[in-house]
Amino acid sequence: MTDLRAQLRLYLVTDTALCSHHGLVQTVQQAVDGGVSFVQLRAKDATTSERVDMACALKAALVGTGVPLVINDDVAAAVKADVDGAHIGQGDISPERARALLGPDKILGLSCETPRTVQAADPGVVDYLGLGPVLGTATKTDHATPIGFDGLARLVALTSSPNVAIGGLKAVHQAQVFAAGADGQAVVSAICGQNDPKAAAQEFNQTKV
Ligand code: TZP
Ligand code: MG
């Protein structure tokens, strides 16, 4: 059985503008070569049909890597593209509805920013939690107040679900992320916005500390 906690170790979230330098597929391919272990297609301004096209291209590029691909916000696109799953936020469709659409075997991730939302997440419905934002970030302009590494540790302590920290994280933060007890680190600009996405991914020494 695949170990989701291990797959969450270095989680890449794509950003259409930041990936434009090398192109989406090349950026992701290079990042996976550098050690990225999970990919989320996040294309905020795209239509469902555009997301399906992007996801199909990414899915083809990821064949044989064992790296899961999920789509942010758009469960319909995830179903249509038949990727590994979807990631939703508190303002998206409910986890129960997302699970019903995805079926039992796909991966469902849920963003949680507060103790209340972490405690409300049903491990029978949701496979993993995205926790944050840990630090401030320019990548997501409407993010909630950063929780810091102490806040991250408090959220991690409230859940037995696999989880990944997100928000303003760079390779230099890896020790603090793992010290807080998170299973992994989700990044956008630390990899997508870099000239060499493979080298940027390699900077994340993937030894759990
Ligand atoms: N959700 C919370 S913060 C964030 C998302 C998608 C953006 C993180 O971007 P970066 O560039 O890794 O700080
Ligand atoms: Mg969302």
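The values are calculated or read from the model by the stated rules, or taken from the named source; none is laboratory data. It should be emphasised that the depicted structure is a prediction, and the values quoted were computed from it without experimental measurement. Methodologically, a virtual Cβ is constructed for each residue, glycine included, from the backbone with ideal geometry; neighbour enumeration extends over all protein chains shown. Heads up: the accessible areas ignore ligands, DNA and RNA and are worked out on the full protein's heavy atoms, side chains in. Shrake-Rupley method; radii C 1.70, N 1.55, O 1.52, S 1.80 Å.
A few points about this structure:
- Some residue of region 185-200 being farther than 18 Å from ALA31 by Cβ, within 9 Å of ligand 1 (Cβ to nearest atom) and open to solvent by less than 20 Å² (accessible area, probe 1.4 Å): no
- Of all residues making up region 49-102, the number that are in contact with a helix residue (DSSP H, G or I) (Cβ under 6 Å, 6 or more places away or on another chain), away from ligand 1 (no atom under 16 Å from the Cβ) and of a type in the set (D, E, K, R): 1
- If the condition is being in contact with a Pro (Cβ under 8 Å, 6 or more places away or on another chain) and surrounded by fewer than 17 Cβ atoms within 10 Å (Cβ to Cβ), then region 130-142 contributes only GLY136.
- Test for GLN90: is it assigned to a loop (DSSP other than H, G, I, E, B) and either within 16 Å of ligand 2 (Cβ to nearest atom) or within 23 Å of LEU158 (Cβ to Cβ) (or both): yes
- Flag if ASP122 is crowded, with 20+ Cβ neighbours inside 10 Å, more than 16 Å from ligand 2 (Cβ to nearest atom) and of a type outside the set (A, V, I, L, M, F, W, C): no
- Of the residues making up region 40-60, one or more are under 30 Å from VAL156 (Cα atoms), open to solvent by 40 Å² or more (accessible area, probe 1.4 Å) and modelled with pLDDT under 95.
- Any chance CYS56 is farther than 19 Å from GLN202 by Cβ and either in contact with a Leu (Cβ under 9 Å, 6 or more places away or on another chain) or not in a loop (DSSP other than H, G, I, E, B) (or both): yes
- Condition met for GLY132 (in contact (Cβ under 8 Å) with a residue 24 or more places away in the chain and either more than 23 Å from VAL36 (Cβ to Cβ) or under 14 Å from the mean Cα position of the chain (by Cα) (or both)): yes
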